[in-house]
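For reference, the structure is listed below as structure tokens.
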Number of protein chains: 2
Amino acid sequence: MSICVTLDIEGVLLPELWTALADHTGEDAFRRTTTEEGDIAVLMHDRLAAARAMGLTRSWITAALTDVMPFAGAVEFLQAIRGRWPTILVSDTFNEMISVVSHKLIWPTIFCHSLQFDNEGILVGYRLRQHDQKPKVVTALRSAGFRIMAAGDSLNDIGMLRSADAGAFINAPAAIRRSHPDLPGFETYGTLFAFFEEAAERLEVLESSSIGRLGVFQC
Amino acid sequence: MSICVTLDIEGVLLPELWTALADHTGEDAFRRTTTEEGDIAVLMHDRLAAARAMGLTRSWITAALTDVMPFAGAVEFLQAIRGRWPTILVSDTFNEMISVVSHKLIWPTIFCHSLQFDNEGILVGYRLRQHDQKPKVVTALRSAGFRIMAAGDSLNDIGMLRSADAGAFINAPAAIRRSHPDLPGFETYGTLFAFFEEAAERLEVLESSSIGRLGVFQC
């Protein structure tokens, strides 16, 4: 069985990191996230302007995020998924932020962007790993022989969910779910896991019907 | 910086699992590995014939592999790599074997094949995730915007090492290294890590020179 799972992180496994930064610094410009604005360039323009105005440093960011905790049940859910299928977290977060807390998720593989700091350590820019990476990662993994199951909660996840063989919302805001009524949506890890198990069975049947192509050998 | 590391597992991070199976069962047919034979179909033909003759079950395999330990320093090396770059283990091992010990490597993301058992639990076949997957995974990850650094020890790693932006042997038998004198080779995790760090710096310079394409934005 050759399935790979791709998951969003913020809003799915742990709280929005920019919101935690807003809480810690009191800067409301950090409060908007991909649940409200799907264009990361728009979000980052406002975030960087605020960061420069306040002199936001990398160590300040680290301090603000140190106490961020995964949602209740998130680690157990992620471990259950990782125990069944290779799993990659694909996120529009930034390495310098998520790395503060990734040990709390037991070091999953994460594809994300990076921040840039000036010589005084102040946040001045960012580098996208790849434009619109989420559906592109799905396409790339498919080219490596995988069928993909995916979950996310935000506008920037839609492309990934629609590119996947089985995609679903988890904890998505009602407005986003209403705009995409054909995508399944779940509110608990248990129901999402059950969706993945059912989808995997269905995909396994598909795969068994193309055995020759995929290289099954019995002695 | 958008680099992904792909690593072989057996012979690189822990001992050959089929050799451990040979030790445990006394079946010498399990002793040949990808360091001697690059064609997995040839290897598996002999392994499956022996497995069927002896009635090798999944629970016997699990018992045989339970005590396999990572090489000294392997976990620390892998954690250092994972802390720096997203890392995927790409192996011609089988899910039902490596899953017995993957917790000892702290649940890395693993792309590998799977075994098939009959109703009595006896090993009767295998399914390749993808034919010649190692170089294909490198190509797929490159299509997702990554530059790739890779390491392996065996004949079946050559394609991956040559497809990567920076590929090197670790702990490869002398005969394999002599056949590929242009590929760098290392005997310790420390020297391989230093090779990756130098390669990453070089790749970062390359990437900085193509900033527009990769989407760097400074405010």
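Distance between Cα centroids, segment A:32-75 to segment B:174-193: provide it in whole Å.
42
Using θ = phi - 60° and the Karplus curve 6.51 cos²θ - 1.76 cosθ + 1.60, what whole-Hz ³J(HN,Hα) does each residue of segment A:59-76 get, with Gly and Pro shown as x?
Working through the residues one at a time gives 5, 5, 4, 4, 4, 5, 9, 4, 8, 5, 10, x, 4, 4, x, 5, 5, 5 Hz.
How high is the FRET efficiency from B:Asp46 to A:Gln79, r the C-beta distance, R0 45 Å, rounded to 0.05? Let's see the in-between values first.
Numbers: r = 36 Å, r/R0 = 0.80.
Efficiency, from the Cβ-Cβ distance: 0.80.
How large is ³J(HN,Hα), in whole Hz, for each residue of segment A:105-120 in order, when computed from phi with the Karplus curve 6.51 cos²θ - 1.76 cosθ + 1.60 and θ = phi - 60°, using x for Gly and Pro?
9, 6, 6, x, 6, 10, 9, 8, 9, 9, 9, 10, 10, 7, 5, 8
Just add up the charged neighbours of B:Met69: K/R +1, D/E -1, any other residue whose Cβ is under 15 Å from the Cβ of B:Met69.
Values: positive: B:Lys104; negative: B:Glu10, B:Glu16, B:Asp23, B:Asp67, B:Glu76.
Result for the neighbourhood of B:Met69: -4.
Calculate the dipole size of the protein assembly as shown relative to its Cα centre from +1 charges on Lys and Arg beta carbons and -1 charges on Asp and Glu beta carbons; express the result in debye to the nearest 20. Let's see the in-between values first.
Numbers: 38 positive and 54 negative charges, 138 e Å.
Result for the protein assembly as shown is approximately 660 debye, rounded to the nearest 20.
Enumerate the amide H contacts of B:Ile88 below 5 Å, restricted to partners 5 or more residues apart or on another chain; note that Pro and chain-start residues carry no placed amide H.
Here the answer is B:Val5, B:Thr6, B:Leu7, since their amide H atoms fall under 5 Å of that of B:Ile88.
Peptide B:105-117: average number of partner chain Cβ atoms within 10 Å per residue? Walk me through the numbers before you get to the answer.
Numbers: counts 0, 2, 9, 5, 11, 3, 7, 2, 2, 3, 0, 4, 0.
That works out to 4 on average.
Amide H to amide H under 5 Å from A:Val124: which residues, 5+ apart in sequence or cross-chain, H placed 1.01 Å off N in plane?
Result for A:Val124 returns A:Gln116, A:Phe117, A:Asp118.
Each residue of segment B:8-20 in turn: what ³J(HN,Hα) in whole Hz from Karplus with 6.51, -1.76, 1.60 and θ = phi - 60°, glycine and Pro shown as x?
5, 10, 5, x, 9, 10, 8, x, 4, 6, 5, 5, 4
Counting heavy atoms of the protein chains only and a 1.4 Å probe, report the per residue accessible area for segment A:133-189 as a whole number of Å².
So segment A:133-189 comes to 35 Å² accessible per residue, rounded to a whole number.
Out of B:Ser179, B:Ser163, B:Ser154, any idea which swings most in a Gaussian network model of chain B, alpha carbons joined below 10 Å?
Highest fluctuation of the listed residues: B:Ser179.
Quick check: net charge around B:Ala175, other residues with Cβ under 13 Å of its Cβ, Lys/Arg +1 and Asp/Glu -1? Walk me through the numbers before you get to the answer.
Working: positive: B:Arg177, B:Arg178; negative: B:Glu36, B:Glu37, B:Asp153.
Net charge around B:Ala175: -1.
How many percent of DSSP beta bridges within segment A:75-219 run antiparallel, rounded to 5?
Numbers: 4 of 14 bridges.
Antiparallel bridges: around 30 percent, rounded to the nearest 5.
For peptide A:138-146, compute the average count of partner chain beta-carbon atoms within 10 Å of each residue's beta-carbon.
Values: counts 1, 3, 9, 6, 1, 8, 14, 9, 5.
Average neighbour count from other chains, rounded to a whole number: 6.
Add -39500 (n - 2.57) for each DSSP H run of 4 or more in chain A, then divide by its residues: what number comes out at 222 nm, to the nearest 500 deg cm²/dmol?
Values: 10 runs with 94 residues, N = 219.
My calculation for chain A gives -12500 deg cm²/dmol from helical runs alone.
Can you send over the carbon and sulfur percentage of the accessible area for segment B:55-169, probe radius 1.4 Å, protein chains only?
Values: 1990 of 3740 Å².
Reported share for carbon and sulfur atoms: 53 percent.
The values are calculated or read from the model by the stated rules, or taken from the named source; none is laboratory data. The shown structure was predicted, so the numbers you read here are calculated from the model rather than taken from an experiment. Note that we place each Cβ from the backbone using ideal geometry, even for glycine, and neighbour counts take in every protein chain shown. Note: areas computed on protein heavy atoms with side chains; ligands, DNA, RNA excluded. Shrake-Rupley method; radii C 1.70, N 1.55, O 1.52, S 1.80 Å.
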